[in-house]
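This structure is in structure tokens; I'll ask about it shortly.
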């Protein structure tokens, strides 16, 4: 009987032990499953975060590439704009050079006009002297003295006219020599100041401005009461301008304006003074 009890007790213990073992195994399995699920959840969260980071980096890289492309496009536009501006600057330079050239051409034309005005006025002044001389001759009595004076006058006029004709033909070197010979023969006549002035003009048209200035100076000193003084002073001023001596040119031109205010020479002098900077 006791043995049976022990056997039953052992069986119960074994059954209880078997039941405990199964429960522990189930509990262990449950714990393992929970741990695995937690770890999988963590891994999933990490993977999701990593994917988000990768997507963000991809987006950043794409934006950066777009920005680089835009920057490159902007640089290309800037280069084009710079090239266009350079073209405009070159065009402006050409326009300015053309304008300067035109201005110089206009100045040269004005100078030529002024010279022609002086030339015509000089010619008219010579005509006036001839008319006055002819009128005076008509009032003189006839006789041997008058005949001699007439011959002398004709020789004087012929010599002067010949020199002047050579000057008009543009042979300035020979004309200058003829006028100088005229002054040796007739140093103090109604044509002497003209002859001296034309000597200065010969040098001026030959572009020998220093010598022209000296010859014009002789007009003002040797024939101060002659009508060629304002012309000589004006041409002196123009000669100094040709030599780029603006200071001397200003002084002479101002003298013309001051001493001969209501003449064409004064008007020309004013225009020239405005051009001097």
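Computed from the coordinates by the stated procedures, all read-outs in this text should not be read as laboratory data. Bear in mind that the values here come from a model prediction, so they are computed numbers and not experimental data. For neighbour counting, all protein chains shown are included, and Cβ atoms are generated from backbone atoms with ideal geometry for every residue, glycine included.
Identify all residues within the stretch 225-245 that are surrounded by 15 or more Cβ atoms within 10 Å (Cβ to Cβ) and more than 17 Å from residue 214 (Cβ to Cβ); write none if there are none. If you could, list the steps in order and put the result at the bottom.
Step one: list which residues in the stretch 225-245 are surrounded by 15 or more Cβ atoms within 10 Å (Cβ to Cβ), which gives 226-242, 245.
Across the stretch 225-245, the qualifying residues are 226, 227, 230.
Now for a separate question. Would you confirm, using the coordinates I've provided, whether residue 224 is more than 35 Å from the chain's Cα centre (by Cα) and in a helix (DSSP H, G or I)? Talk me through it step by step, then tell me what you get.
Details: more than 35 Å from the chain's Cα centre (by Cα): yes; in a helix (DSSP H, G or I): no.
No: the conditions fail for residue 224.
Only one of these is buried (at least 19 other Cβ atoms within 10 Å of the Cβ), under 36 Å from the mean Cα position of the chain (by Cα) and not in a loop (DSSP other than H, G, I, E, B): 213, 199. Name it.
On the way: 199 fails: under 36 Å from the mean Cα position of the chain (by Cα).
Matching residue, one of 213, 199: 213.
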